[in-house]
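What follows is a single structure, written as structure tokens, with notes after it.
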Amino acid sequence: MILGPIYKKDVLLMNRSIALPLFLTAMNAVFSILVIINLYSVSMSSAETGEIPYDRFLGVYKLIGAVELILILLGGPAMTSSSITSERERRTLGILLTTQLTPSDIILGKLLSVFTTIMLLLGSSVPILMTVFIYGGVTLEQVLLLACLYACSAVYSCAVGIASSTYHQSTAAAAAVSYICIFASLGLFFLCWFFRWELRVRTESLLWFVCAALLMMTACIIFMSMRKLLPTGKGRQRKTIRPMEEAGGQMPEMREGKDN
């Protein structure tokens with residue numbers, strides 16, 4: 001049921017929106033222009049001096065990688081903070097919980113729908129990042145590590161947004177709490193990054209540790225969201241069934257008409 005009706009509905013609504021292809025086109029156009037300008041400047045510089053400045057390629061690679069990571073951390077909560085609160089505001093959450101869908105189906109369906117969209121945005125920019133292999137300087141292992149960091153960051157940011165939406169009644173409060181958690185996590189990451197040499201930790205080892213930590217925190221956050229949503233579903237089901245049980249299996253209006 002993970003790829004059930006919740007996932008299909010949310011993916012269909014996102015694909016119908018014109019904002020997604022426009023944002024995808026604009027993002028890749030900006031990245032492509034940066035790469036083309038960098039390639040042209042490197043070619044002109046190498047023609048004049050006879051040397052190839054490899055650090056410029058690495059600089060563009062790091063810049064695009066950092067921008068995409070920031071887009072993931074900011075875009076995940078923006079798309080998931082209203083996932084549960086919007087259902088509450090439309091008064092459709094109770095209807096969802098009285099169906100055969102479990103809280104895990106609702107939470108995972110909404111999370112994977114946003115995660116799929118983010119992966120689509122990142123996948124479209126892979127050819128641009130691969131231009132770094134024209135002159136070398138980055139190994140395949142480092143590219144795979146970056147992709148793993150993207151995936152873990154995306155699922156973590158989506159889980160934070162859904163958890164905040166589950167624990168709060170309004171979308172604004174859920175979004176505010178989500179970004180506070182994201183910026184706190186980002187600050188902790190930069191703190192470890194700047195002091196990695198004092199801690200005598202290799203960069204690759206630190207990034208793999210960050211990926212593992214994000215996955216563990218994501219699992220805990222998703223479990224807490226499911227537990228928070230489960231009692232509400234049980235309570236609303238009991239409130240829906242109780243009037244019919246008290247009326248002897250009939251609606252109260254039907255029983256009053258029958259007595260008259």
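Given the options P77, P103, name the one that is under 21 Å from A176 (Cα atoms) and crowded, with 18+ Cβ neighbours inside 10 Å.
P77
I'd like to check something: does segment 173-190 contain any residue that is of a type outside the set (D, E) and in contact with an Asp or Glu (Cβ under 8 Å, 6 or more places away or on another chain)?
No: segment 173-190 contains no residue that is of a type outside the set (D, E) and in contact with an Asp or Glu (Cβ under 8 Å, 6 or more places away or on another chain).
Checking the conditions here, which among G123, G137, G187 is of a type in the set (G, A, S), surrounded by fewer than 22 Cβ atoms within 10 Å (Cβ to Cβ) and either in contact with a His (Cβ under 7 Å, 6 or more places away or on another chain) or part of a loop (DSSP other than H, G, I, E, B) (or both)?
Of the residues listed, the single one that is of a type in the set (G, A, S), surrounded by fewer than 22 Cβ atoms within 10 Å (Cβ to Cβ) and either in contact with a His (Cβ under 7 Å, 6 or more places away or on another chain) or part of a loop (DSSP other than H, G, I, E, B) (or both) is G137.
Quick one: A147 ticks every box in (1) touching a residue at least 60 places away in the same chain (Cβ under 8 Å); (2) closer than 23 Å to F189 by Cβ; (3) part of a helix (DSSP H, G or I) bar one, so which box is it?
Among (1) touching a residue at least 60 places away in the same chain (Cβ under 8 Å); (2) closer than 23 Å to F189 by Cβ; (3) part of a helix (DSSP H, G or I), the lone unmet condition for A147 is (1).
Being touching a helix residue (DSSP H, G or I) at 6+ places or on another chain (Cβ under 9 Å) and buried (at least 17 other Cβ atoms within 10 Å of the Cβ) is the requirement here; does G109 meet it?
yes
Does V60 satisfy the condition of being farther than 18 Å from L13 by Cα, more than 11 Å from the chain's Cα centre (by Cα) and buried (at least 18 other Cβ atoms within 10 Å of the Cβ)?
yes
Which of the residues spanning segment 150-188 are under 15 Å from the mean Cα position of the chain (by Cα), free of Cβ contacts under 8 Å to residues at least 12 places away in the same chain and within 18 Å of L215 (Cβ to Cβ)?
Of everything in segment 150-188, nothing turns out to be under 15 Å from the mean Cα position of the chain (by Cα), free of Cβ contacts under 8 Å to residues at least 12 places away in the same chain and within 18 Å of L215 (Cβ to Cβ).
Grab the helices (runs of 4 or more DSSP H) fully contained in segment 1-93, keeping just those with 1 or more residues being hydroxyl-bearing (S, T, Y), in contact (Cβ under 8 Å) with a residue 40 or more places away in the chain and touching a Gly at 6+ places or on another chain (Cβ under 7 Å).
Output list reads 5-16, 54-80.
Any chance you could count how many residues in segment 189-219 are more than 16 Å from G76 (Cα to Cα), touching a residue at least 60 places away in the same chain (Cβ under 8 Å) and not hydrophobic (A, V, I, L, M, F, W, C)?
Residues flagged as more than 16 Å from G76 (Cα to Cα), touching a residue at least 60 places away in the same chain (Cβ under 8 Å) and not hydrophobic (A, V, I, L, M, F, W, C) within segment 189-219 amount to 1.
Looking at (1) assigned to a helix (DSSP H, G or I); (2) surrounded by fewer than 19 Cβ atoms within 10 Å (Cβ to Cβ); (3) more than 17 Å from the chain's Cα centre (by Cα), which is the one condition that is false for T116?
(3)
Scan segment 169-184 residue by residue and report those that are exposed (fewer than 14 other Cβ atoms within 10 Å of the Cβ) and not hydrophobic (A, V, I, L, M, F, W, C).
Q169
I33 versus (1) modelled with pLDDT of 85 or more; (2) under 25 Å from the mean Cα position of the chain (by Cα); (3) of a type outside the set (F, W, Y); (4) surrounded by fewer than 14 Cβ atoms within 10 Å (Cβ to Cβ): which is the lone unmet condition?
Going through the list (1) modelled with pLDDT of 85 or more; (2) under 25 Å from the mean Cα position of the chain (by Cα); (3) of a type outside the set (F, W, Y); (4) surrounded by fewer than 14 Cβ atoms within 10 Å (Cβ to Cβ), I33 breaks only (2).
For segment 195-222, give me the residue count where each residue is exposed (fewer than 14 other Cβ atoms within 10 Å of the Cβ), modelled with pLDDT of 85 or more and aromatic (F, W, Y).
Selection size over segment 195-222: 1.
Just to be sure, is A172 out of contact with any Cys (no Cβ under 9 Å at 6 or more places or on another chain), at pLDDT 90 or above and either under 19 Å from A66 (Cβ atoms) or assigned to a helix (DSSP H, G or I) (or both)?
no
The values are calculated or read from the model by the stated rules, or taken from the named source; none is laboratory data. Not measured: the values here are computed from a predicted model. With ideal geometry, Cβ positions are generated from the backbone for all residues, glycine too; neighbour counts draw on all protein chains shown.
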